[in-house]
Amino acid sequence: MQMGSFLTMQWIDTQFSYQDNLQNVVCLVYDPVRTESGTLGIRAYRLSKAFVEMRKRREFTSFAFSRFGMDSSHIIEEVPIDLKMSTLQKAYIADMFCQPDLSAENSMELSRLSIAEESPLERTLEFMANDLEVLNREQHKYSFFVRSNSARIGGLYQDLVRARRAGKGKIWTCPVDFFAFEGLRF
């Protein structure tokens with residue numbers, strides 16, 4: 001966004017609502033054209049206190065502008081920006097600029113510095129695929145177990161129910177409803 005192109009009625013409404021509800025609110029504007037020319041193109045803007053007060057009262061008459069001492073140049077104000085770096089950041093930047101050039105023109109071989117043949121993403125995907133195969137095998141084993149044992153356990157359950165109704169067997173109830181496992185699909 002180029003400097004000045006952010007000044008719209010929508011920006012004024014949004015900035016007003018932020019400044020009305022919060023303290024120390026600014027809008028940071030980045031100018032890539034100025035940054036490409038070598039200077040940092042970041043500026044901070046906010047609505048002036050007089051304009052915020054006038055906006056709260058909803059007075060947009062020429063009398064209100066003159067009473068608040070407002071004209072178009074006093075609607076927004078620029079806030080100075082102080083950039084500060086820690087000592088560690090300063091050391092990193094100094095180290096970054098002092099490193100030798102590692103381009104292809106130098107005789108240094110960088111390919112031997114690579115420790116891993118494949119990327120971490122590839123290894124992670126391989127591990128996930130192996131884990132999915134193990135999970136699939138376990139699901140098949142469980143499904144086979146349920147199919148092979150449901151008929152046998154269901155028969156035992158029916159025998160116990162018949163014996164209980166006839167009064168011949170012990171009063172025993174199955175703690176698990178084995179027929180609930182028949183409808184499971186994996």
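The values are calculated or read from the model by the stated rules, or taken from the named source; none is laboratory data. Being a predicted model, the structure only gives us computed values, none of them experimental. So basically every Cβ, Gly included, is an ideal-geometry build from the backbone, and we count neighbours across all protein chains shown. To get the accessible areas, we keep the full protein, side chains included, count just its heavy atoms, and leave off ligands, DNA and RNA. Shrake-Rupley method; radii C 1.70, N 1.55, O 1.52, S 1.80 Å.
Cβ under 11 Å from Gln15's Cβ, Gln15 left aside: what net charge do those residues give with Lys, Arg +1 and Asp, Glu -1?
0
Tell me, what is the per residue accessible area of segment 8-91 in Å², probe radius 1.4 Å?
On the way: 6270 Å² over 84 residues.
For segment 8-91, the per-residue accessible area is 75 Å².
In what order, largest first, do His140, His74 sit by accessible area if the probe radius is 1.4 Å?
So, going from the largest accessible area down, we get His140, His74.
Between His74 and Arg58, what is the label-point separation in nm under the 7 Å Cα-to-beta-carbon projection?
Taking the two extended label points, one gets 2.4 nm.
Using a 7 Å offset from the Cα along the Cα-to-Cβ direction at both Asn24 and Arg152, what is the distance between the two label points in nm, to one decimal?
7.3
HN-Hα J couplings of segment 53-62 from phi, Karplus 6.51/-1.76/1.60, θ = phi - 60°, integer Hz, Gly and Pro as x?
Per residue, the Karplus-derived 3J(HN,Hα) values read 5, 5, 5, 4, 7, 6, 9, 10, 9, 5 Hz.
For Arg137 and Arg165, FRET efficiency with R0 = 45 Å and r from the beta-carbon atoms, rounded to 0.05?
According to the calculation, E is roughly 0.60.
Grab the Cα-Cα distance for Arg67 and Gln10, subtract it from 0.36 nm times how many residues apart they are, and report the gain in nm with one decimal.
Net length gain for the segment: 18.0 nm.
Could you estimate the translational diffusion coefficient of segment 1-69 from the Stokes-Einstein equation, with Rh from the Kirkwood formula over C-alpha pairs, at 4 °C and 1.567 mPa s, in whole µm²/s?
After rounding, the answer is 95 µm²/s.
Peptides 129-139, 5-15: what's the order by average Cβ count within 10 Å, highest mean first?
Going from most to least packed, we get 5-15, 129-139.
Amide H neighbours of Ile76 under 5 Å, counting only residues 5+ apart in sequence or on other chains, H built in-plane at 1.01 Å?
Those qualifying (amide H under 5 Å, at least 5 residues apart or on another chain) are Ser48.
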